[in-house]
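Take a look at the structure below.
The values are calculated or read from the model by the stated rules, or taken from the named source; none is laboratory data. Everything numeric in this text was worked out from a predicted model, so none of it was measured. Positions of Cβ are generated from backbone atoms using ideal geometry, with glycine treated the same way; all protein chains shown enter the neighbour counts. Just so you know, the surface numbers come from the protein's heavy atoms only, side chains and all, with ligands and any DNA or RNA stripped out. Shrake-Rupley method; radii C 1.70, N 1.55, O 1.52, S 1.80 Å.
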Amino acid sequence: MWNNFQTDAYEGLIAETISVTGHGGKPVRAYYSRPLGEGPFPGILLIHHMPGWDQFTRETARRFAAQGYSVISPNLYEDFGHGTPEEVAERAREQGGMVDKDVMEDCDGALSFLRSQPNASGRVGVIGMCSGGRHTFLAACTLEGIDCAVDCWGGGVVCPPEQLTPQRPVQPLDYAEKLSCPLLGIFGNEDWSPTKEDVDVLEARLKELGKDYEFHRYDGAAHGFWYYHRPMYKHEQAMDSLEKVLAFFEKHLK
């Protein structure tokens, strides 16, 4: 796990932008980072957050690749054109965001790509932050063949009816009965989306259904406390939760 390597061991990785088949059979750009070597390597689908398919997403992909995973992150904002991540994210917000059905098709296409690689181990996990955490929960409940999932402060999993939209027509919590893999949740107790109360509701439902889940909640942390490029970054909470994520992936994917 983090900083737990032998200094005489070989290490190498490669990262590049590729294309996968997304919703409606359309090509979708994806950032693909993986270790060099024969493998086999387990796969991780990294679902980007509301700020977009950005530098943080790419650096996070490489961070997990350095731990021995093939990581793919599709550009869920492909339909909103191109520009800087901020420009594209602004257009996405103005148009109400992505359609859940399209996002799941894009994610399924990325997972199919991971599984098809000759050095794939056959096991895949999903992780996402912010809106990506919400999409991670949806994927874990509605897509097949996912071995584990990590929801990092996914807002909107618990959603009152008045906040549903044409793009987000169903509260993800309503799919909880279909959760088909172990779920890890990483949350800040000072977050506003999801609030502590939202996390309580989600946990109560998972417990009621007898699902395999593990939640970690951090005092002194709000939304996005892994974002080292923003003021909300919290070093102690970020590194402790990263270790828990790496241990979770180690258990279920390796």
Can you tell me which residues in the range 49-69 are under 14 Å from the mean Cα position of the chain (by Cα) and among the polar types (S, T, N, Q)? 57, 60
Can you name the number of the only condition in (1) open to solvent by 50 Å² or more (accessible area, probe 1.4 Å); (2) more than 22 Å from residue 135 (Cα to Cα) that residue 27 fails? (2)
Tell me which strands (runs of 3 or more DSSP E) are completely within the range 147-222 and hold 1 or more residues being touching a His at 6+ places or on another chain (Cβ under 8 Å) and open to solvent by less than 60 Å² (accessible area, probe 1.4 Å), or say none if there are none. 148-152, 183-188
So which residues in the range 197-251 are touching a Pro at 6+ places or on another chain (Cβ under 8 Å) and in contact (Cβ under 8 Å) with a residue 60 or more places away in the chain, if there are any at all? 248, 249
